[in-house]
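First the structure, in the form of structure tokens, and then the observations on it.
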Amino acid sequence: MKAGGEADDGDSARQALCRMLLIEDDEPLRDRFTRILTSWRGGDLVAACATLGAALGYLQRGDIDLLVTDLRLPDGHGTQAIRVLRALNPAADAMVISVLADESTVIDAIEAGAAGYLVKDADSFELIEAIEELRAGRSPICPSIARIIVRRLNAVPSTPPSPLAQLLTPRETEVLWGIAKGYTYAELAERLGISRQTVPVHIKNIYRKLEVRNRSEAVFEASRLGVICL
Amino acid sequence: MPLRRRVSCLALTVLLAAAASLPLWLPLPEPHDALTITQADCRHACDAPSPVPLPLARATRGGQTELRLAFDLDAVPQHPLYLFIPMLSQRAVVSLNGSAIADTGTRTQMLGVTSGTTALMALPAGALSSGRNTVSVRLRSSGVGRGYLSRVYIGTARQLAPYFRLRLFLLEHLRLMAMAAQLLITVAVLVAWCYRPREALFGWTLLLLVMSLPAYTGLLIGLARPPPHWLLPYGFILNTGACVVLQIIALLVSGVAVPWWLKACVPVAPVLCALAGLSGAVSPEGMVMALGVPMILVAALAATIIAAWGALAKGVNEAWLLLAPLLVLLMASLHDGAIIARWLNGPVFFAFYYRQALALAIAVILARRLGISLRQLDDSNARLQRRLAQREQELSRLHENERRKAAERILNEERRRLTADLHDGISGHLASIIALAEREHSPSIERSAREALDDLRAVIHSLDIGDSELVVALAGFRERLERQLKRTGIVLHWSMAHLPEISGVTPAHALNVLRILQEAVTNAVRHGPATRISIQGLAGAPGRALVSVENDGVPFSTGGGLGLDNMKRRARQLGGAVHVEAQDAGTRVLLELPGRLPERVVPAGEEDAPARVVVQDRPPAQAATAIGSAGQ
């Protein structure tokens, strides 16, 4: 199912535009997101798909810069699309649309390579702001997700520190803790003596570190779905 | 070893040595108010009579010595007179003025080599005469010791009896007691050895005690009939083996392995001596004198040297315990040897007394070892008990952990399932409704759906709020509120940095707090068209926390309403209170919370809640509309 009305934009504009792919199975929501994404001047919505299968065809082209996907899909899961995207184009970003934005499936999506998320009822300006931030190398995070990550870092105190905990810098851990405790970026920046713009950069780095580092898993996923041939 | 302990050990040793050598330098008291005879006429078998001073020691081998003692009486006294010989060796036949009055051999059993005895005899009044009286003492002795006669006293029973009794105690009773003591110690060691044959020291000590028992043959030989005097030298010869055992014990106590040849000497030495005696190569007396006595002396000396080496060079504490009695025994053996070799005059052999010191010391060592092993047993027992208790504690802690984790797991699983259900179902539908309403331009439906979705988020978000995580719940609330207010154009000022820590937080508590705050915000948006809402965490009265919700709308005027009652009821359930204050410009709602929230939420029925509780519990639909209208 296609809803990308501006897929045939001028070539020169397309060069600079962010090529987006939307996957959302609920029709009213897909319609809403399509409207919002289409209205954004900085991007070019390649397609709005209702199924994973339909989306894989676009992903296979390898030129998608940003994937905005729901998690539960009729024929699969959003994380599969994210893995394929990240395997084919490591520079591309993936963003999850979740209705509650705090359950552990979001963490699964982050581990699959998502670097941002949106709530389904997000207003248009929120959505566009989040995408722009993400494209600028900054990721959003909310306290509940920060808390889940922090919990994952110190899962069992008696066992040796998890590789993840060793992977994060002390500053990144501080940022996570601060967010989990409810500080805004500005408050946190003031507390840690860093610029407000640096906080979401740290967040994006944390997301990237949380992404399953073993690429073979992603490549396997992609080949299993028939997107690439091994 | 610290200096003080060294010094006290040394002092104790000196004291013991002084006590042990007492018989050597402290003479026994003698009667002072009785008639004392200090000189005798000696009539040896082949010698001419000659006056000799008393005490006198003389060889009587192969015969006897007759000594004549003379004393003068002014008149035959009315009260009976007694003749007291404090010390004689070994047997005396006494006659007064030619008539026999006593033979010590008939009453005392202290014959044989264990010589030295005392005698008190009545002088029959009929045999006494005024003027000069003559007492004849015919001394007889065995081959080992010499015949001995001390000064002789004549007096009344009152004058002489105490001195006689003292000597009787020391020379006869004490020897029997020494033997009894050895028998007792032997039995005790036998029992100890039976129960702990692994301890070599027990076995060797038992052997030492048993082998040295025949030395007391002399004490008992008189009980047999006829007395087997020939046994005496062989009983003594067994001592040579006992002395080898003594060296073995000294080595064991010093912690040195015992060489096999030394063990072999234990039976070999006495058997060789006995064979020499039996074969007739040497006489039994010669066997004792030429082999037994030197061997015993050498062995005692060797054992002493070993113990001294163990005590001084190796620093073994038990060697000190052994060294002291060994030194005493060595002294006694040298003394006895000197008597036998005729270098000393004296009829009493000390070794028979002092060997008990050795037996006692070994018994002390054994008891000490037993005590130490028991203490070690107690210690290790206590240690094991301690470790067991620790393990049990650890186990119960692990069990408790496991139980808690299992409960947590079940709870998490339930929460996950519930969240997933809500996510897939209601929340998805609500999001869809929002999108539809937006498309159809139905703002009121859209807002209601948004409110419902936010409320659902608050519920789900509170589900995994743990103890002292109210701040986390507040953080989630803030995030939602920010988006909510952004839509309506109201500025939110939020600060929880000064909120004191609140413990005892459960999901129900967290949800109650969030609902109170949501209600306060809804009221602010509804009643006063606020442009700015400030939510702050503050420290209240000691141990209490405050959350203040201020708005710059119309000051609060009416006395409550459904929303306010609702907030107050929820605050009471949290053990806190809600105060609403009108301000110059705007209204301030203060939520006061205890530092520790109550264990369980107080059910509505237990408090004086109005009857409209059920109605109040319904989500405030008006509030949602109010926010919506404020946004327009």
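The values are calculated or read from the model by the stated rules, or taken from the named source; none is laboratory data. Only a predicted model underlies this, so the values are computations on that prediction, with no experimental measurement involved. Note that we place each Cβ from the backbone using ideal geometry, even for glycine, and neighbour counts take in every protein chain shown. What goes into the accessible areas is simple: the full protein's heavy atoms, side chains included, and nothing from ligands, DNA or RNA. Shrake-Rupley method; radii C 1.70, N 1.55, O 1.52, S 1.80 Å.
Under the classification rounded if a/c is under 1.5, otherwise prolate if a/b is larger than b/c and oblate if not, where does segment B:56-106 fall, given a ≥ b ≥ c as square roots of the Cα gyration tensor eigenvalues? Please report the intermediate quantities before stating the final value.
Numbers: a/c = 2.26, a/b = 2.02, b/c = 1.12.
Verdict is prolate for segment B:56-106.
Rounded, prolate or oblate: which fits segment A:17-76, taking a ≥ b ≥ c as square roots of the Cα gyration tensor eigenvalues, rounded meaning a/c under 1.5, else prolate when a/b beats b/c? Could the numbers behind the result be given before it?
Details: a/c = 2.54, a/b = 1.17, b/c = 2.18.
Judged from the Cα gyration tensor, segment A:17-76 comes out oblate (a/c at least 1.5, b/c at or above a/b).
Let me confirm one metric for peptide A:119-132, namely the mean number of other chain beta-carbon atoms within 10 Å of its residues' beta-carbons. Numbers along the way, then the final one.
Numbers: counts 7, 8, 15, 3, 5, 1, 2, 3, 0, 0, 0, 0, 0, 0.
For this peptide, the per-residue mean of nearby foreign Cβ atoms is 3.
Please list 3J(HN,Hα) in residue order for segment A:199-206, calculated via the Karplus relation 6.51 cos²θ - 1.76 cosθ + 1.60 where θ = phi - 60°; whole Hz, with x for glycine and proline.
Result, ordered by residue: 4, x, 5, 4, 4, 5, 5, 4 Hz.
Over the protein assembly as shown, with a single point scatterer placed on each C-alpha, what log10 of the ratio I(q)/I(0) does the Debye formula yield at q = 0.10, 0.11 1/Å?
Debye intensities relative to I(0), on a log10 scale: -1.08, -1.21.
Estimate the FRET efficiency between residue B:28 and residue B:191 by the formula 1/(1 + (r/R0)^6), using the beta-carbon distance for r and 25 Å for R0, to the nearest 0.05. Before the final figure, lay out the partial values.
Numbers: r = 38 Å, r/R0 = 1.52.
Calculated transfer efficiency: 0.10.
What FRET efficiency comes out for residue B:440 versus residue A:27 if R0 is 22 angstrom and r is the Cβ-Cβ distance? Round to the nearest 0.05.
Values: r = 13 Å, r/R0 = 0.60.
Taking R0 as 22 Å, the efficiency between residue B:440 and residue A:27 is 0.95.
With label points built 7 Å along Cα→Cβ from the Cα atoms of residue A:129 and residue B:387, find their separation and express it in nm.
That separation, rounded to one decimal, is 6.4 nm.
Starting from 0.36 nm per residue, how many nanometres of slack lie between residue B:367 and residue B:413 once their C-alpha separation is accounted for? Before the final figure, lay out each step's value.
Values: separation 46, 0.36 × 46 = 16.56 nm, distance 6.65 nm.
That pair, residue B:367 and residue B:413, stretches by 9.9 nm at full extension.
For segment B:469-494, list whatever residues lose no less than 20 Å² of accessible surface once every protein chain is in place, relative to that chain by itself, with the probe at 1.4 Å.
Buried by 20 Å² or more upon assembly, which counts only protein chains, are B:469, B:471, B:472, B:475, B:478, B:479, B:483, B:486, B:487.
Given the Cα-Cα distance of residue B:39 and residue B:19 and 0.36 nm per residue of separation, how much length would full extension add, in nm? Please list the in-between numbers first.
On the way: separation 20, 0.36 × 20 = 7.20 nm, distance 3.27 nm.
Full extension of this stretch gives 3.9 nm more.
Where does the longest stretch of chain B lie that holds no chymotrypsin sites (Phe, Trp or Tyr not before Pro) found in a DSSP loop with 10 or fewer other Cβ atoms within 10 Å?
On the way: sites that count: B:230, B:343.
Formally, the longest exposed-site-free interval is B:344-632.
Work out which helices of chain B, taken as complete DSSP H runs, extend at least 20 Å along their axis over the Cα atoms and score a mean Kyte-Doolittle of -1.0 or more, then list them. Could the numbers behind the result be given before it?
Working: long enough: B:3-20 (25 Å, 1.33); B:174-195 (31 Å, 1.84); B:231-253 (33 Å, 2.02); B:260-278 (27 Å, 1.62); B:293-312 (28 Å, 2.21); B:317-340 (35 Å, 1.47); B:351-422 (103 Å, -0.69); B:443-463 (30 Å, -0.22); B:470-488 (26 Å, -0.18); B:507-527 (29 Å, 0.19).
Result, helices passing both filters: B:3-20, B:174-195, B:231-253, B:260-278, B:293-312, B:317-340, B:351-422, B:443-463, B:470-488, B:507-527.
Please give the per residue accessible area of chain B, computed with a probe of 1.4 Å over protein heavy atoms only, in Å².
Working: 31590 Å² over 632 residues.
Counting only protein heavy atoms, the per-residue value for chain B is 50 Å².
Can you tell me the FRET efficiency between residue B:256 and residue B:166 if r is taken as the Cβ-Cβ distance and R0 is 51 Å, rounded to the nearest 0.05?
Numbers: r = 44 Å, r/R0 = 0.86.
Efficiency, from the Cβ-Cβ distance: 0.70.
Kindly compute the accessible surface that chains A and B hide from a 1.4 Å probe when together, both sides summed, and give it to the nearest 100 Å². Display every interim value, and only then the final one.
Numbers: alone 10870 and 32970 Å², together 41060 Å².
So the buried area, both faces added, is about 2800 Å².
If you count the DSSP beta bridges with both ends in segment A:3-155, what percent of them are antiparallel, to the nearest 5? Walk me through the intermediate numbers first.
Working: 2 of 21 bridges.
For segment A:3-155, the DSSP antiparallel bridge percentage is about 10.
To the nearest 10 square angstrom, how much accessible area does residue B:469 have with a 1.4 angstrom probe?
40
State the dimensionless ratio Rg/Rh of chain B (Rg: radius of gyration of Cα atoms; Rh: Kirkwood radius). Intermediate results must be reported in sequence, preceding the final value.
Details: Rg = 55.0 Å, Rh = 34.9 Å.
So for chain B, dividing Rg by the Kirkwood Rh gives 1.58.
For segment A:3-155, just the Cα atoms, rotate onto the principal axes and tell me the three extents in Å, largest first.
Sorted from largest, the Cα extents of segment A:3-155 read 51, 31, 30 Å.
Would you work out what percent of the accessible area of chain B, with all protein chains in place, is carbon or sulfur (probe 1.4 Å)?
Values: 19550 of 31590 Å².
Answer for chain B: carbon and sulfur cover 62 percent of the accessible area.
Take the alpha carbon gyration tensor of segment B:397-529, find the square roots of its eigenvalues, order them as a ≥ b ≥ c, and report rounded if a/c is under 1.5; if not, report prolate when a/b exceeds b/c, else oblate. Please report the intermediate quantities before stating the final value.
Working: a/c = 3.40, a/b = 1.44, b/c = 2.37.
It comes out oblate by the Cα gyration axes.
How do B:519, B:413 rank by accessible surface area computed with a 1.4 Å probe, from largest to smallest? Write out the running numbers ahead of the final one.
On the way: B:519 15, B:413 95 Å².
Largest accessible area first, the residues go B:413, B:519.
At 1.4 Å probe size, put A:39, B:150 in order of accessible surface, largest to smallest.
Values: A:39 80, B:150 10 Å².
Highest to lowest solvent-accessible surface, that is A:39, B:150.
Read phi for every residue in segment B:530-541 and hand back ³J(HN,Hα) as whole Hz from Karplus 6.51 cos²θ - 1.76 cosθ + 1.60, θ = phi - 60°, with x for Gly and Pro.
Couplings: 6, 10, 8, 10, 10, 10, 9, x, 9, 8, x, 4 Hz.
Residue B:134: accessible area at probe 1.4 Å, nearest 10 Å²?
50
Considering only DSSP beta bridges where both residues belong to chain B, give the percentage that are antiparallel (nearest 5).
Values: 67 of 73 bridges.
Around 90 percent antiparallel, to the nearest 5.
Using a simple spin-label model with points 7 Å from Cα along the Cα→Cβ vector, what separation in nm is obtained for residue A:177 and residue A:61?
Modelled inter-label distance: 4.7 nm.
Let me cross-check residue B:527: its accessible surface, 1.4 Å probe, with only protein heavy atoms counted, in Å² to the nearest 10?
For residue B:527, solvent-accessible area is about 120 Å².
5 Å is the cut-off here: which amide hydrogens, built 1.01 Å from N in the peptide plane, fall below it relative to residue B:466, excluding neighbours closer than 5 in sequence?
So residue B:466 has HN proximity to no qualifying residue.
Note down the net charge around residue A:126, summing +1 for each Lys or Arg and -1 for each Asp or Glu among other residues with Cβ under 12 Å from its Cβ.
-3
I'd like the antiparallel share, as a percent to the nearest 5, of DSSP beta bridges with both residues in the protein assembly as shown. Write out the running numbers ahead of the final one.
Working: 69 of 94 bridges.
In the protein assembly as shown, DSSP labels about 75 percent of beta bridges as antiparallel.
So what's the gap between the Cα centers of segment B:382-421 and segment B:121-171, to the nearest angstrom?
What the calculation gives is 94 Å, centre to centre.
To the nearest 20 debye, what charge dipole does segment A:3-155 have about its Cα centre, counting +1 at the Cβ of each Lys and Arg and -1 at the Cβ of each Asp and Glu?
Working: 16 positive and 25 negative charges, 110 e Å.
In debye, rounded to 20, segment A:3-155 gives about 520.
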